[in-house]
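None of the figures in this text is laboratory data; all of them are computed from the coordinates on show. Computed from a predicted model, the values in this text were never measured in an experiment. Methodologically, a virtual Cβ is constructed for each residue, glycine included, from the backbone with ideal geometry; neighbour enumeration extends over all protein chains shown.
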Amino acid sequence: PPKKIAVVIGSLRQQSLNRQFAHEIIALAPASLSLDIVEIDGLALFNEDLEGNGTSAPEAWTRFRQNIASKDGVLFFTPEYNRSVPAALKNAIDIGSRPYGESVWAGKPAAIVSVSPGATGGFGANHHLRQSMVFLDMPLLQQPEAYIGGAQKLLGPDGKFNNEFTTQLMKKFIDAFAAWVELHAATSRG
Ligand code: FNR
């Protein structure tokens, strides 16, 4: 059966460039992957007081954790906010990492695509996200890299890639991720 991949998008806005890239890359994925967008809006800001000591976690947290736990890998799309990751994405990562010792991220193969209209392709956000992934023990695809700069110029008004170069690059990326997921499937503890 195909490997189940959570697609986590760090932007909450409807016309998000990251979301458009996510849809395009999902469409290019090989049959060995089954990709589902896991939404991160509606997750209350992480606060340890909201669970434990007889209090059950907010339902949206539990649903999110169960959803990620059921997957074989994670593909992140992140915008860059002030040279780092958006708070909404960091919040989702923090929620998935707790309670202590019950992280849903551990061992899951992952990859990061950063998408920005700017020239640096979200490099800062991409690497801040990597810092968390290293600690969370997620085997992280290193090559090919995906720092997408000038992203709005690569999409047509229909939200689809408007040039063959980007399509081929992203096809190579998702194929490499599929191979990465196969390689690390055994280490996934989800
Ligand atoms: C930005 N933007 C931005 N871009 C960038 O390349 N580096 C940065 O540090 C920042 N900082 C930043 C902070 C905040 C608060 C906002 C709202 C925006 C611009 C950002 O890349 C742009 O809005 C993208 O379109 C956001 O991604 P989505 O929502 O299109 O996926």
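So in the stretch 141-151, with the set limited to residues that are over 15 Å from the mean Cα position of the chain (by Cα) and surrounded by 11 or more Cβ atoms within 10 Å (Cβ to Cβ), which one is nearest to residue 20 (Cα to Cα)?
Among residues in the stretch 141-151 that are over 15 Å from the mean Cα position of the chain (by Cα) and surrounded by 11 or more Cβ atoms within 10 Å (Cβ to Cβ), the one nearest to residue 20 (Cα to Cα) is 151.
Test each condition in (1) surrounded by fewer than 21 Cβ atoms within 10 Å (Cβ to Cβ); (2) hydrophobic (A, V, I, L, M, F, W, C); (3) outside any loop (DSSP other than H, G, I, E, B); (4) touching a residue at least 12 places away in the same chain (Cβ under 8 Å) for residue 113 and report the one that comes out false.
Going through the list (1) surrounded by fewer than 21 Cβ atoms within 10 Å (Cβ to Cβ); (2) hydrophobic (A, V, I, L, M, F, W, C); (3) outside any loop (DSSP other than H, G, I, E, B); (4) touching a residue at least 12 places away in the same chain (Cβ under 8 Å), residue 113 breaks only (1).
If you go through the stretch 137-146 one residue at a time, do you hit one that is in a loop (DSSP other than H, G, I, E, B), within 10 Å of the ligand (Cβ to nearest atom) and polar (S, T, N, Q)?
There is no residue in the stretch 137-146 that is in a loop (DSSP other than H, G, I, E, B), within 10 Å of the ligand (Cβ to nearest atom) and polar (S, T, N, Q).
Kindly indicate whether residue 121 is in contact with a strand residue (DSSP E or B) (Cβ under 9 Å, 6 or more places away or on another chain) and either surrounded by 16 or more Cβ atoms within 10 Å (Cβ to Cβ) or part of a loop (DSSP other than H, G, I, E, B) (or both).
yes
With 104, 181 as the choices, which residue is under 19 Å from residue 8 (Cβ atoms), assigned to a helix (DSSP H, G or I) and either away from the ligand (no atom under 16 Å from the Cβ) or touching a Pro at 6+ places or on another chain (Cβ under 6 Å) (or both)?
Result: 181 is the single residue among 104, 181 that is under 19 Å from residue 8 (Cβ atoms), assigned to a helix (DSSP H, G or I) and either away from the ligand (no atom under 16 Å from the Cβ) or touching a Pro at 6+ places or on another chain (Cβ under 6 Å) (or both).
State whether one or more residues within the stretch 26-42 are surrounded by 19 or more Cβ atoms within 10 Å (Cβ to Cβ) and in contact with a Lys or Arg (Cβ under 6 Å, 6 or more places away or on another chain).
The answer is yes; a qualifying residue exists.
So, in the stretch 7-20, of the ones that are within 12 Å of the chain's Cα centre (by Cα) and in a helix (DSSP H, G or I), which residue ends up surrounded by the fewest Cβ atoms within 10 Å (Cβ to Cβ)?
19
Restricting the search to the stretch 39-84, which residues are within 16 Å of the ligand (Cβ to nearest atom) and either part of a helix (DSSP H, G or I) or of a type in the set (A, V, I, L, M) (or both)?
Across the stretch 39-84, the qualifying residues are 40, 75.
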